[in-house]
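K.L.:
My structure is below; once you've seen it, I'll send some questions.
The values are calculated or read from the model by the stated rules, or taken from the named source; none is laboratory data. No experiment lies behind these values; they were computed from the predicted model shown. Glycine also receives a Cβ, built like all others from the backbone with ideal geometry; neighbour counts cover every protein chain displayed. Surface accessibility is based on the protein's heavy atoms, side chains included, excluding ligands, DNA and RNA. Shrake-Rupley method; radii C 1.70, N 1.55, O 1.52, S 1.80 Å.
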Amino acid sequence: MVDLESEVPPLPPRYRFRDLLLGDQGWQNDDRVQVEFYMNENTFKERLKLFFIKNQRSSLRIRLFNFSLKLLSCLLYIIRVLLESPSQGNEWSHIFWVNRSLPLWGLQVSVALISLFETILLGYLSYKGNIWEQILRIPFILEIINAVPFIISIFWPSLRNLFVPVFLNCWLAKHALENMINDLHRAIQRTQSAMFNQVLILISTLLCLIFTCICGIQHLERIGKKLNLFDSLYFCIVTFSTVGFGDVTPETWPSKLFVVAMICVALVVLPIQFEQLAYLWMERQKSGGNYSRHRAQTEKHVVLCVSSLKIDLLMDFLNEFYAHPRLQDYYVVILCPTEMDVQVRRVLQIPMWSQRVIYLQGSALKDQDLLRAKMDDAEACFILSSRCEVDRTSSDHQTILRAWAVKDFAPNCPLYVQILKPENKFHIKFADHVVCEEEFKYAMLALNCVCPATSTLITLLVHTSRGQEGQQSPEQWQKMYGRCSGNEVYHIVLEESTFFAEYEGKSFTYASFHAHKKFGVCLIGVRREDNKNILLNPGPRYIMNATDICFYINITKEENSAFKNQDQQRKSNLPRSFYHGPSRLPVHSIIASMGTVAIDLQDTSCRSSSGPTLSLPVEGSKELRRPSIAPVLEVADTSSIQTCDLLSDQSEDETTPDEEMSSNLEYAKGYPPYSPYIGSSPTFCHLLHEKVPFCCLRLDKSCQHNYYEDAKAYGFKNKLIIVAAETAGNGLYNFIVPLRAYYRPKKELNPIVLLLDNPLDDLLRCGVSFAANMVVVDKESTMSAEEDYMADAKTIVNVQTLFRLFSSLSIITELTHPANMRFMQFRAKDCYSLALSKLEKKERERGSNLAFMFRLPFAAGRVFSISMLDTLLYQSFVKDYMISITRLLLGLDTIPGSGFLCSMRITEEDLWIRTYARLYQKLCSSTGDVPIGIYRTESQKLTASESQISINVEEWEDTKDCKDPGHHRSLHRNSTSSDQSDHPLLRRKSMQWARRLSRKGPKHSGKTAEKITQQRLNLYRRSERQELAELVRNRMKHLGLSTVGYDEMNDHQSTLSYILINPSPDTRLELNDVVYLIRPDPLSYLPNSEASRKNSVCNAGGPDSREETQL
C-alpha cells in the first residue's frame, strides 16, 4: 500500500492553485445536484398573487383602480338619472325598467366586465379550499348583482333598459377604500393613527347610507311623487337628523318600507361606528396622539423621557425650563410608558401648559414612539431616572437603555441624562450632560460637614429666581435671605462685557474685587477661548484676556441690566444697596475704607486654613485713625503672593515638632490607588502609608491588631463625622475624598464612622455624644411607599428621635421629597414655625419656585433633598457650564489651576474689617481668595414661641417655693430659649404672669385641683428631658462607656441660620459669620505642580506606595 501511494505523482503547483481559485470544475462525474429554491413562487398563480396581493405597491395600485371604477359606476348612475325624462303614470313597470342611452349602456357594461373579471381573479387567488366562503361574501354578492345583468344584456338586447341598483357600488367603493388605506400603510412603512382610520370609516359609512337612501327613494318614487335627486337628498337629511318637517314624504309602500329598512340599518351600523370612535378617542387621550412633522420642522421642542411622571417632577421641570425668556417659544413633549396621572392631567389642562406641553404615552425603546415624539427633530432629550424604585440599579439600567435607544434613533439630538449610581455612569459617557445623583449627594453631604449649608448654597445657585421671595415679610433676615437667593451664575465674553472689559490685561483677583466694588457682581471663574476647562479663581497670577469667558454671580445677567453713573444716582436719590437696615453704611464711608493708598501693608505670610484670621495692623491699632487694607494689585507681585505649599504642610506651623513628626509618618499625599467605579475623577488627597487590615475597619469589634470596641477608646483628636447609611455603596467614595483632599490641613481631618444600622447602642458606641456632625442618608428601601410622600417617614422619625436624645448634635439629613422638610425638628406648638409655614404658603401662591427656602432646617443647611438638584440638569440646556462649575465647587472634579470651595469664620479679631467689601479687598490682596457668600447665625429675637413662654412661667412657679433665689435665677436663665438680657419684654411678661399666678390663693377647691393638675403637667414637661437624659446615661453605663461630655440641655433651638449669596458690599460683618471662599489652587503657585505631586507620592512611600496607600 505504501508502494502504491508512492507511485502516484503529486499534482503540479499550477493545477493545485487553479483548483483553489476555480473549484473542482474538472471533475465532471461527481454526484452533486443543483437545487433551486422557492420554485413554488415561480408558478403562474403565485406570480399573480404576488402582483395583486403580496406586493404592497402593486396591490395599492390595483385597489386604487378598483376604487376608481366603483366611483365611476356611481357617477354613471347619477348621470343616467339626470338624463332620464320623468315617466308618465304610476305603473309598476317604471320600477323595473328605465331609459338608458346606448353610449351610457356601453360604459356601464365595460365597467361591469372589468369589475367582474377582477373580482373573480381575486377570489381565485385568495381561494383556500372553501368555495362557499368566497361566494357568500357580501362584496362578491354585490358585485354579482351589479355586474351580471349588464353582461347578460350583451347577449339579450331587450334587457339593456333593465334597472340595475348600480348605486350599491358605493359600498364596494368603501370596502376598496379600507383595503387601500391598509396597503398604503404597508407601502410607506408607517402606521397611521387608528383614530384617523376610524373617522374615515365612519364618514364613508355615513355617506354610503345617505347615498343609498337618496338613490333608493328617488327610484321607488318613480311611481309616486316623481322626486328628483335633490328632493331625495333633502328628505334623507331631514329624516336622519330626526327633524322631520313632513313637507317631503314617500307615498308608495315600497319606498316607505325602504325608508324603514334604511333607518333600521342606520340604528345598527352608526352606533357601532360611534362606539369604536369614542373608544379610540379615549385611548388617544391616554396615549397622547402624535407630534406632527410639520410642527417639528417649524417649531422648537424638547422631549422629556421618564419612567413615571409625578406632579412634583413635572412642575419642577416646567417652572425651571420656562423660567428662561428665550425658551418661551419651545414645546415640551413628554414620553412616558405609563398612563397619565390624574393630577398631571389636571395640570396639563391649564391654558398656560396645555398650549406648550404634549403628553405621549409610549416607550423610548420603540422607534414608532420616538417617531411620534419627532425625536430626530428635537432640540434636546432629557432622560430622568425613577428614584422611587426599590432597586435603583434596575432603574439605572432602564435609563441606560433609553439613552442608547435615543442615541441610535437620533444621533444628533443632545442628551441630558440623570443617573443614580456612579458605577453605571460610564455606560452613558456619550451623553452631552450627565448628572449622577449619588456623586452630588455624597459630595454635598461631605462639604456640609466642613462648610456649613453647602447644600443650601448649591441649591439656591442652581434654582432660577428673581430674588423677590420674602420681600413682603416684616423680618429683616428674610428680606436679605430672599433677595440674595436670586443670585445665579452667568457668563459673558470679557471684551463684550461692561462689567469686566476694563480689566483686560489685569489679574483675576483685581478684576474680581473691582467688579464687585463697582457693580456688585462676583467674578468666580474664567475659561480660555481655546480651552474647555473652567478655572474657578485661578489666582492673582492669571491675566485676563479679551476673549476669556467670565463666569460671575449676580441677580441677573449683564444683558438684562441697566447702568447709571453716580451723578444720575444722586439725582434720583436711589440707594446703592438692595439691602436696608442697620448693616448699611454711607457710600463715602465705604469708599474711604477701601484703602486706596497702601498705608499699612498687611502681613501676607502663610496662614493656617484651619482657623483663618485677618490680623489687625499693629501700627493702625496704636493710632486713632481707621486701619486700612492693602490694595489689590493689577498684576501679581510674586513677593507679596502667599505661596502656601500644602504639600510640605507649612500651613500647620502651629503644631509641635513631635506632632508634626508623627503626622508626617502617619499620612502621605497622593492619588487614591484604587477607584471604586469607572469614571471617578482622581483627587489628590491624604493617604495612609500602609493599608489598614480589613478587620480593623470594624469599630465596635476588637481584633488582633487593636482591642478597642468604641470610638472613645480610640482617642481621636478631632470630632467624629458619623454617616448613617443603609449600605456601603460606591457613592461613599465621593463623601470621603472631599474630606481627605490635599488642601485640607492634617489637623482638621475628622475621623469618619460609617453606621449601617442606628440602634441606640451602636450610636453610643460610635461616639454620637461627642461627634461634630451626623449625616443621615436617605435609605433606598424606604424610597418606595404606597403613598409617595410617606417614603421619608422612617427617616424623619429616626432623626426626630436623635434630635430629642442628642439636642446638641448637628444632624444633616437627606430626604426624598422636599415638601417633607417641614417635619424636620418638628415642634407642634412653635408659633415661629407656624409663621414660617404661612409664609411658605404665601410664597407658593405668588408663584415662587423656592417656597421651601424659609424653612429653618433648610436655610441652616440641616436638610436637603437630592430632587432639588434636578434643576441643575434642566439649567444645563441654557447654561451648559453649570454642571462643570457645580462639580468643581463640590470637589468632584479637580482641574490644575482651578480653586476649591472652603470657608472661614469671623472671630472677634476680624471684626475690625467691619464690611463685606473690606473683607473682599483684604482676601484678594493677601491670599487671593474670592468670597462668594456669608453663612450667618442669629438668635430669634422677640419671636419666642408660646410653648417656650409657658414652660418658663411654669418652671418659675414651680421653683417659687425654693428657698435659694440664686438657684431660681440660674434655672430660669437656663430654661429660656435665649439670653433674657436680650429680651427684656419677654422676661417682663413672663415675670408678670408668674406673679399673677402666684398671688392667686386656693379660694375654691376647683382652682386648687386645677393648680395641682397644672403642677403635675409641669412636672411631666420638665421631667421629659431629664428622663431622656437619664435613659442615655444608663445605657452608656451599661455599655461601659464614659458619660463625660454628654450634655442633654444644650439646645440650639433659639438660633436661626441662613445664607447670603454675594451680599451687598456694605453688608456688616457679624461675629461667628462663616464666609464662603473660593481659594486658589495651592499647587498652581509651585514651579512644577505635577512633578511636585508625583514627588510627594514617591517620597511618601517609595516606588510601590501607589499599591500600598489607602484612604
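K.L.:
Distance check, please: which entries in Lys300/Lys842; Lys300/Lys838; Lys425/Lys779; Lys429/Lys841; Lys746/Lys794 exceed 32 angstrom between their Cα atoms?
P.N.:
Lys300/Lys842; Lys300/Lys838; Lys429/Lys841; Lys746/Lys794
K.L.:
Right, another one. Give the residue list of trypsin sites (Lys or Arg not before Pro) in the stretch 336-432 that are DSSP loop and have at most 14 other beta-carbon atoms within 10 angstrom.
P.N.:
Lys366, Lys429
K.L.:
Rounded to the nearest percent, how much of the accessible area of the stretch 517-564 (1.4 Å probe, protein heavy atoms only) is carbon and sulfur?
P.N.:
46 percent
K.L.:
On a full-extension model of 0.36 nm per residue, what is the gain between Leu136 and Gln368, subtracting their alpha-carbon distance, rounded to one decimal in nm?
P.N.:
79.7 nm is the gain from fully extending Leu136 to Gln368.
K.L.:
With a 1.4 Å probe and all protein chains left in place, how much accessible area per residue does the stretch 825-909 have, in Å²?
P.N.:
Accessible area per residue, the stretch 825-909: 35 Å².
K.L.:
Cα extents of the stretch 711-818 along the three principal axes, largest first, in whole Å?
P.N.:
47, 29, 21
K.L.:
Can you give me the long-range amide H partners of Leu754? Hydrogens built in the peptide plane at 1.01 Å from N, cutoff under 5 Å, separation of 5 or more residues or another chain.
P.N.:
Val723
K.L.:
Give the calculated FRET efficiency between Leu75 and Asp247 to the nearest 0.05, with a Förster radius of 45 Å applied to their Cβ-Cβ distance.
P.N.:
Computed FRET efficiency for Leu75 and Asp247: 0.95.
K.L.:
I want to check the label-to-label distance for Asp391 and Ile350. Put each point 7 Å from Cα in the C-beta direction and report it in nm to one decimal.
P.N.:
Between Asp391 and Ile350, the label points sit 3.7 nm apart.
K.L.:
Treating each Cα of the stretch 196-311 as an identical point scatterer and ignoring solvent, apply the Debye formula and state log10 I(q)/I(0) at q = 0.12, 0.17, 0.23 Å⁻¹.
P.N.:
Here log10 of I(q) over I(0) equals -0.61, -0.88, -1.26.
K.L.:
Okay, next question. Calculate the tail of P(r) for the stretch 786-926: the fraction of all Cα-Cα distances greater than 19 Å, expressed in %.
P.N.:
The share of Cα pairs beyond 19 Å in the stretch 786-926 comes to 69 percent.
K.L.:
Same structure again: How far apart, in nm, are the 7 Å Cα→Cβ label points at Tyr674 and Phe694?
P.N.:
Taking the simple label geometry, Tyr674 and Phe694 are separated by 0.9 nm.
K.L.:
Loop only per DSSP, at most 11 neighbouring Cβ atoms within 10 Å: give me the chymotrypsin sites (Phe, Trp or Tyr not before Pro) in the stretch 873-911, ordered by residue number.
P.N.:
Sparse-neighbourhood loop chymotrypsin sites (Phe, Trp or Tyr not before Pro): none present.
K.L.:
Stretched out fully, how many nm does the piece from His294 to Ala772 gain, at 0.36 nm a residue minus the Cα gap?
P.N.:
This chain segment gains 166.0 nm when fully extended.
K.L.:
Under a plain spin-label model, where a point goes 7 Å from the Cα along Cα-to-Cβ, how far apart in nm are His324 and Glu1030?
P.N.:
6.2 nm
K.L.:
Further question: Sort 293-303, 92-102 by the packing proxy (mean of other Cβ within 10 Å over each peptide's residues), most packed first.
P.N.:
293-303, 92-102
K.L.:
For a paramagnetic label modelled at 7 Å from the Cα of Ile272 toward its Cβ, which residues of the stretch 207-249 fall within the zone defined by backbone nitrogen distances under 17 Å?
P.N.:
Under cut-off, by backbone N: 207-210.
K.L.:
In addition: Would you please classify the overall shape of the stretch 113-168 from the alpha carbon gyration tensor, given that a ≥ b ≥ c denote the square roots of the eigenvalues, rounded means a/c under 1.5, and beyond that prolate means a/b larger than b/c while oblate covers the rest?
P.N.:
Here the stretch 113-168 falls in the prolate category.
K.L.:
Where the eigenvalues come from the Cα gyration tensor of the stretch 354-443, what are the semi-axes √(5λ) of the equivalent ellipsoid, largest first, in whole Å?
P.N.:
For the stretch 354-443, the semi-axes come out at 23, 14, 13 Å.
K.L.:
Pull up all non-local amide H partners of Asn161: gap of 5 or more, or a different chain, and H-to-H distance under 5 Å with H placed in the peptide plane.
P.N.:
The answer is none.
K.L.:
Taking the solvent-accessible surface of protein heavy atoms with a 1.4 Å probe, what is the per residue accessible area of the stretch 63-152 in Å²?
P.N.:
59 Å²
K.L.:
Measuring with a 1.4 Å probe in the full set of protein chains, what accessible area per residue, in whole Å², belongs to the stretch 409-525?
P.N.:
Here the per-residue accessible area is 29 Å².
K.L.:
A further question follows. Tell me, what is the FRET efficiency for Asn718 and Trp281 to the nearest 0.05, using R0 = 60 angstrom and their Cβ-Cβ distance as r?
P.N.:
Approximately 0.35, to the nearest 0.05.
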